[in-house]
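Here is the structure we will look at, set down as structure tokens.
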Amino acid sequence: MAKRSKGYRSKSRRKLTKHVRERGLSPVSRVIQELGPGKKVAIILDPSVAKGQPHPRYHGRTGVIQERCGRAYVVEIKDGGSIKKVISRPEHLRTVGAR
């Protein structure tokens, strides 16, 4: 009997599919957005970009940007009772709060 794969993106079909009208590449403005330290962001995975994608477990979580790490950002998130640092590219981050 074959063994089921337990890869990085397993059990995440719902999170990693776009709705019909959102298919294709995302706008460039999302890639070049500048986010400073202390900015509140939500982690919303963009399935069309695999690079710099955090683990699907953090999809929908909100955190605060701590620093920049190359092209990516380090986001501090509360996970249960502990604080974790998630490294993510700006395509997968959306600002939260005042517009």
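What follows draws every value from the coordinates through simple rules; no lab data is involved. Note that this is a predicted model, so its numbers are computed, not measured. A quick note on method: Cβ atoms are made from the backbone with ideal geometry, for glycine too, and the neighbour counts reach across all protein chains shown.
Below is a table of values for the structure above.
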| quantity | calculated |
| --- | --- |
| Neighbours by Cβ (under 7 Å, 6+ apart or cross-chain): first from the range 1-29, closer than 13 Å to His59 by Cβ; second surrounded by 10 or more Cβ atoms within 10 Å (Cβ to Cβ) and basic (Lys, Arg) | Leu16/Arg9 |
| Sole residue being of a type in the set (Lys, Arg) and over 19 Å from Ala72 (Cα atoms), chosen from Lys39, Lys11 | Lys11 |
| Residue in the range 53-86 that is surrounded by the fewest Cβ atoms within 10 Å (Cβ to Cβ), counting only those that are touching an Asp or Glu at 6+ places or on another chain (Cβ under 7 Å) and either among the acidic types (Asp, Glu) or in contact (Cβ under 8 Å) with a residue 12 or more places away in the chain (or both) | Lys85 |
| Test: residue in the range 28-51 that is part of a helix (DSSP H, G or I) and either in contact with a Phe, Trp or Tyr (Cβ under 9 Å, 6 or more places away or on another chain) or surrounded by 13 or more Cβ atoms within 10 Å (Cβ to Cβ) (or both) | yes |
